[in-house]
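Remarks on the structure that follows.
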Amino acid sequence: MSKGTTIKEALASWEQKSGQKAAEAEEIKLLCQIPSIEKMDASLSTLTNCTKLSLSTNAIEKITNLNGLKSLKILSLGRNNIKSFSGLEPVGDTLEELWISYNLIEKMKGIGS
C-alpha cells in the first residue's frame, strides 16, 4: 500500500497549480488527493490567512493541528474517516461552517455549547 500524501506535499502541489502562496491565500482546496491525505499535520499552522479550507474526499481519521488557522470560517472535511469532533477547539471562536458529512462519526461528543 502506498504512503499517503502529506499536507506539506499537497500544499506545495496546490501552490504550483494555483500560482499563489498558501500562507497568503484565503481559500485552499486540497480535496481528492492521490494518494489520499491521511493526517492533518503541522503544515496547516502556516495557513494564517485561510478562511476556507477544503480537505474533503481523503482518508483523514482525526481533526488536528488547527492552531494556526486564526481566520478560518469554513472547514470542509466531508468524505473522510473522521470518528469524532475533537480537535476543533482551536478554531472554535472563528469557525462558522463545518462540512463533515459522510464520515464515521457515531456520537456528538466533542461539541461544546
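Hey, can you tell me all the residues within segment 14-32 that are free of Cβ contacts under 8 Å to residues at least 40 places away in the same chain and open to solvent by 40 Å² or more (accessible area, probe 1.4 Å)? Break it down stepwise before answering.
Pass one, segment 14-32, residues free of Cβ contacts under 8 Å to residues at least 40 places away in the same chain: 14-25, 27-30, 32.
If the condition is that a residue be free of Cβ contacts under 8 Å to residues at least 40 places away in the same chain and open to solvent by 40 Å² or more (accessible area, probe 1.4 Å), then E15, Q16, K17, S18, G19, Q20, K21, A23, E24, E27, K29, C32 are the ones that fit.
Restricting to segment 78-92, name every residue that is over 10 Å from I63 (Cβ atoms) and either modelled with pLDDT of 95 or more or open to solvent by less than 50 Å² (accessible area, probe 1.4 Å) (or both). Walk me through it before giving the result.
Of the residues in segment 78-92, the ones over 10 Å from I63 (Cβ atoms) are 78-79, 81, 92.
Listed by number, the residues that qualify are G78, R79, N81.
Residues are listed down the side, and each one gets a yes or a no for (1) at pLDDT 95 or above; (2) over 11 Å from the mean Cα position of the chain (by Cα); (3) in a helix (DSSP H, G or I):
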| residue | (1), (2), (3) |
| --- | --- |
| M1 | no, yes, no |
| E9 | yes, yes, yes |
| E15 | yes, yes, yes |
| Q20 | yes, yes, no |
| I28 | yes, no, no |
| M40 | yes, no, no |
| L53 | yes, no, no |
| S56 | yes, no, no |
| I60 | yes, no, no |
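Take S71 and tell me if it is open to solvent by less than 60 Å² (accessible area, probe 1.4 Å), in contact (Cβ under 8 Å) with a residue 40 or more places away in the chain and farther than 13 Å from G4 by Cα. Before you say what the answer is, go through the steps one by one.
Details: open to solvent by less than 60 Å² (accessible area, probe 1.4 Å): yes; in contact (Cβ under 8 Å) with a residue 40 or more places away in the chain: yes; farther than 13 Å from G4 by Cα: yes.
So S71 passes the test.
The values are calculated or read from the model by the stated rules, or taken from the named source; none is laboratory data. Since we're looking at a predicted model, the values are computed, not measured. All Cβ positions, glycine included, derive from the backbone under ideal geometry; neighbour counts span all protein chains shown. Note: accessible area is taken over every heavy atom of the protein model, side chains too, but ligands, DNA and RNA are not part of it. Shrake-Rupley method; radii C 1.70, N 1.55, O 1.52, S 1.80 Å.
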